[in-house]
Amino acid sequence: MQKFQISTEPCTFGFKENILIDLTKPIKHQLQRRRILIREGEDKGKPRGLKRIIVDNAALRIDFGWCFEISDFFETIMEECEDKVVPYFHVGTNNMISDMRCNWLGFVPYNIFEKELYENLTVDGLIVFNNELIDYQIAVVEFITSHKLYIQHAMLRDDKYRFEFFKNIRKDPELLADAYVYYMEAMHDVGLLPVLPRNILEEQIGCHFLYHPDLFFELLEFSVLKGEIDG
């Protein structure tokens with residue numbers, strides 16, 4: 001069954017948590033999921049309280065901070081996610097949604113029929129259900145944010161990510177050259193620009209070649225000769 005859809009109408013679902021993803025930090029710690037430990041003895045918690053935690057955890061909205069160039073890119077990632085991630089989870093895999101802006105992913109709150117999945121579970125069963133829901137959400141977001149199409153968009157549209165990426169390799173000419181090539185590939189693959197204005201390249205990544213200015217101009221001239229840059 002398809003788990004993800006892009007709505008043609010603005011979504012009105014209520015989400016308990018709204019999180020803006022920062023690619024410079026570990027994804028797992030950003031999601032702020034409430035995991036429950038199985039405790040020994042009688043004081044394991046009450047079913048009503050555990051169900052409330054599941055309801056809250058299910059309603060999660062992830063904000064990318066930028067939009068995919070076209071919805072096809074987002075759909076491609078999510079199709080692969082459904083093939084490679086979702087089958088590893090057996091319970092708690094709530095549906096996912098976005099809208100035509102393609103700048104966020106929502107884990108849809110369980111409806112009245114889906115809540116039957118955990119309605120009659122024991123306390124231990126509710127805890128297992130909640131924790132697998134969390135593992136599922138983390139796995140999905142980690143898959144999306146590590147996908148090449150996502151990283152390429154982030155390279156072009158996430159100023160913080162691009163700055164930190166280049167900042168960490170400023171003194172290594174080989175890594176800088178590789179990063180330049182990757183940036184150009186991203187511009188062609190997802191930016192959909194056959195020819196890139198030179199001033200954009202200089203503004204976005206030129207400042208990171210302060211230790212190797214000759215390398216930057218050499219790469220620029222080569223790109224001009226290839227017709228990739230409007231010189």
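The values are calculated or read from the model by the stated rules, or taken from the named source; none is laboratory data. Because the structure is a prediction, the values reported are computed rather than measured. Positions of Cβ are backbone-derived with ideal geometry, glycine not excepted, and every protein chain shown enters the neighbour counts.
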* Here are some residues: PHE165, PHE216. Which one is in contact with a helix residue (DSSP H, G or I) (Cβ under 6 Å, 6 or more places away or on another chain) and surrounded by 12 or more Cβ atoms within 10 Å (Cβ to Cβ)? -> PHE216
* Taking the stated definitions as given, is ARG48 assigned by TED's automatic domain parsing to the domain that holds ILE134 and either within 27 Å of ASP124 (Cβ to Cβ) or without any contact (Cβ under 8 Å) to a residue 40 or more places away in the chain (or both)? -> yes
* Asked: When HIS188 is evaluated against the numbered criteria (1) touching a Pro at 6+ places or on another chain (Cβ under 8 Å); (2) farther than 24 Å from CYS67 by Cβ, which criterion, by number, is the only one it fails?
  -> (2)
* To do: Name the residue, out of TYR136, TYR161, that is part of a helix (DSSP H, G or I) and in the same structural domain as LYS28 (by TED's automatic domain parsing).
  => TYR136
* **Which listed residue, of GLY106, GLY92, is small (Gly, Ala, Ser), modelled with pLDDT under 95, under 30 Å from GLY45 (Cβ atoms) and surrounded by 14 or more Cβ atoms within 10 Å (Cβ to Cβ)** => GLY92
* Asked: Between a first residue in the stretch 23-41 that is farther than 11 Å from GLN137 by Cβ and a second residue that is at pLDDT 85 or above and of a type in the set (Ser, Thr, Tyr), which pairs have beta carbons less than 7 Å apart while being 6 or more apart in sequence or on different chains?
  -> LEU23/THR145; LEU23/TYR161; THR24/TYR161
* Asked: If you go through the stretch 168-184 one residue at a time, how many are surrounded by 15 or more Cβ atoms within 10 Å (Cβ to Cβ) and charged (D, E, K, R)?
  -> 1
* Inspect all residues belonging to the stretch 140-157 and state whether any of them is surrounded by 15 or more Cβ atoms within 10 Å (Cβ to Cβ), farther than 19 Å from CYS67 by Cβ, out of contact with any Leu (no Cβ under 9 Å at 6 or more places or on another chain) and at pLDDT 95 or above. => yes
* **ILE229 being of a type in the set (Val, Ile, Thr) and at pLDDT 95 or above** => no
* To do: Return the residue satisfying two criteria in turn: it lies in the stretch 208-226 and is of a type outside the set (A, V, I, L, M, F, W, C) and not in a helix (DSSP H, G or I), and of such residues it is nearest to TYR182 (Cα to Cα).
  => HIS212
* Output the residue which, of all residues in the stretch 164-207 that are part of a helix (DSSP H, G or I) and of a type in the set (Val, Ile, Thr), is nearest to ILE229 (Cα to Cα). => ILE200
* Going by the conditions given, is GLY125 among the small types (Gly, Ala, Ser), under 16 Å from PRO47 (Cα atoms) and either buried (at least 21 other Cβ atoms within 10 Å of the Cβ) or at pLDDT below 95 (or both)? -> yes
* Within the stretch 83-112, can you find the residues that are in contact (Cβ under 8 Å) with a residue 60 or more places away in the chain and hydroxyl-bearing (Ser, Thr, Tyr)? -> THR93, SER98
